[in-house]
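Participant: Here's a structure for you.
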Amino acid sequence: MAAKIESANTSARKFLITILVFIGLVVTIGGITRLTRSGLSIADWKVVTGIVPPLSTEAWQAEFNQYKTTVEYKKLRSGMTLDEFKFIFFWEYLHRIVARIIGLLALGFTFLYFRKIPAHLRWHTIFIPAMVILQGTIGYLMVRSGYKDIPHVSHFMLAIHLGLAFITAMSVLHLYFNLLPPVSRLHNLARLGKDRKKVIAVFIVLSLQILYGAFVAGKRAGLIFNEWPLMGGNYVPAGLMSLPGIFENLLANSVMLQFIHRNLAIVLTLMIFFSAVQSWRNQASREIKTFWAAFSSLILVQFILGVLTLIYVVPTTLGVIHQTTAYFLILLGYTGLYFAVIHREKEI
């Protein structure tokens, strides 16, 4: 019986890894879609029939004509050619197709494993597809927010859209960890419980940094102050409090958003590096040292990517890698959080 249960859990873990890979893929494609300004290229939302792209010249022209009715075309792309339209259509279409695949994978997981995994974990098989459906709904609403007088999606909706993708990924990872066999070396990360407050603090700052990264992306705040470490020749730039109220500035002022994103990056990098150094000084276990070494290496890469993305005025390649790296960071951050706080077993 035990062998049968472990066989089912192993199969389920492989399925969950597949879902995580596809979520990472859709996050990457979403970054390309955003940076190439392709997100408003498909003016309608057909869940089933939208799977089939235009296949004839007439169908492409009809799709292009529909796009020509949008505010984005009229105000920003009135001289666009059909070939240029096909390029932006491709990325939005691919983004939607991969999102549909994730939905099918999530539903397939529920269908295949609901009765095979331990009873106390079965609610996860409902939660994951529910999150995917919610994510799709938010994506639809986000796109609709761009079909108005100003052809630009809400940065709040963009942040929710990205945030839900990361929450979905963390819920998948959570279930994966719960299905690990007792002999897995990953359980040695339970020793992170000794650094519980530190791990929680890092995760909170990381989550806040990703939120502000989404705000910066949504407001295109990376297109201003393309220098580092100063902003307009000063550490504290002009225009930091240019909007009427404090919350308006904290949530919608492009200067403030970039300022916060820059400084959170410094704080987060120092926090993780300090934790890594401390783990070596305290002669922590190999697993703990490896965790903090991986975290500090990845955050350093992300920090450098952020600076380069800013200096070179948000080129698509750097911007996409920066967004994808954030996905790996949140997975690593949640790994620490799970084993330091959520993991129920006693510290080893």
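No lab work stands behind these numbers, since they all come straight from the coordinates. Keep in mind that what you see is a predicted model, and the values were worked out from it rather than measured. Cβ sites come from the backbone with ideal geometry, for glycine too, and all protein chains shown count toward neighbours.
Participant: How much length would be gained if the chain were fully extended between TYR147 and ILE311, taking 0.36 nm per residue of separation minus their Cα-Cα distance, in nm to one decimal?
Facilitator: Gain in length upon complete extension: 56.0 nm.
Participant: Still on this structure: Applying 1/(1 + (r/R0)^6) with R0 = 30 Å to the Cβ-Cβ distance of ARG115 and THR137, what FRET efficiency is obtained, to the nearest 0.05?
Facilitator: About 0.60, to the nearest 0.05.
Participant: So if each residue of separation counts as 0.36 nm, and I subtract the Cα-Cα distance between PHE87 and ALA43, what length gain in nm does that give?
Facilitator: 14.3 nm
Participant: Sticking with this structure for a sec: Within a Cβ distance under 11 Å of PHE89, other residues only, what is the Lys/Arg minus Asp/Glu net charge?
Facilitator: -2
Participant: Right, something else. What net charge do the residues around ARG286 carry, taking every other residue with its C-beta under 11 Å from that of ARG286, with Lys and Arg at +1 and Asp and Glu at -1?
Facilitator: Charge balance in the 11 Å sphere: +2.
Participant: Multiply the residue gap between SER78 and LYS197 by 0.36 nm, knock off their C-alpha separation, and tell me the result in nm, one decimal place.
Facilitator: 37.4 nm
Participant: Over what distance in Å are the Cα centres of the range 240-299 and the range 106-169 separated?
Facilitator: Comparing the Cα centres of the range 240-299 and the range 106-169, I get a distance of 26 Å.
Participant: Okay, moving on. Suppose each label sits 7 Å from its Cα in the direction of the beta carbon; what would the TRP228-ILE342 distance come out to in nanometres?
Facilitator: 3.1 nm
Participant: Just order 237-248, 324-335, 262-273 by mean Cβ neighbour count inside 10 Å, highest at the front, would you?
Facilitator: Taking the mean over residues of other Cβ atoms within 10 Å, the ranking is 324-335, 262-273, 237-248.
Participant: In whole percent, what relative contact order does the chain give with Cα contacts below 8 Å and a gap of six or more residues?
Facilitator: With pairs under 8 Å counted, the relative contact order is 22 percent.
Participant: Let me ask another. Along the charge dipole of the chain, pointing to its positive end and built from +1/-1 on Cβ of Lys, Arg, Asp and Glu, which listed residue (ALA265, PRO129, GLY336) has its Cα farthest out?
Facilitator: GLY336
Participant: Pairs LYS197/LYS219; LYS14/LYS197; LYS198/LYS289; LYS194/LYS289: which are spaced more than 21 Å apart, C-alpha to C-alpha?
Facilitator: LYS197/LYS219; LYS14/LYS197
Participant: While we're looking at this one, here's another question. Give me the distance in nm between label points sitting 7 Å out from Cα along the Cα-to-Cβ direction at ILE246 and ILE51, one decimal.
Facilitator: The two pseudo-label positions are separated by 5.2 nm.
Participant: Go ahead and run the numbers for FRET between ARG281 and LEU208, Cβ-Cβ distance against an R0 of 22 Å, rounding to 0.05.
Facilitator: 0.20
Participant: Per DSSP H run of n ≥ 4, the term is -39500 (n - 2.57); total these for the chain, divide by its residue number, and report the mean residue ellipticity at 222 nm rounded to 500 deg cm²/dmol.
Facilitator: Helix-only estimate at 222 nm: -24000 deg cm²/dmol.
Participant: If we count every other residue with Cβ under 13 angstrom of THR125's Cβ, Lys/Arg +1 and Asp/Glu -1, where does the sum land?
Facilitator: Charge balance near THR125 sits at +3.
Participant: Another question, if that's okay. Only Lys, Arg, Asp and Glu count, each charged at its Cβ (+1, +1, -1, -1), so figure out the dipole size of the range 1-181 about its Cα centre, rounded to 20 debye.
Facilitator: Value, rounded to 20: 400 debye.
Participant: Something else: Using the Cα centre as the reference, give the magnitude of the dipole from point charges on the C-beta atoms of the chain (Lys, Arg: +1; Asp, Glu: -1; all else neutral), rounded to the nearest 20 debye.
Facilitator: Using only the charged Cβ atoms, the result is roughly 940 debye.
Participant: Please compute the contact order of the range 1-181 in relative form: average sequence separation of alpha-carbon pairs under 8 Å and at least six residues apart, divided by the residue count, as a percent.
Facilitator: 34 percent
Participant: For the chain, just say rounded, prolate or oblate: build the C-alpha gyration tensor, square-root its eigenvalues into a ≥ b ≥ c, call rounded for a/c under 1.5, and beyond that prolate if a/b exceeds b/c, oblate if not.
Facilitator: Here the chain falls in the oblate category.
Participant: Using a cut-off of under 11 Å, list every residue of the range 175-218 whose amide N is near the label point 7 Å from the Cα of VAL236 along the Cα-to-beta-carbon line.
Facilitator: None, by backbone N distance to the label point.
Participant: Highest first, please rank the peptides 112-124, 10-22 by the mean number of other Cβ atoms sitting within 10 Å of their residues.
Facilitator: Going by the mean number of other Cβ atoms within 10 Å, highest first, we get 10-22, 112-124.
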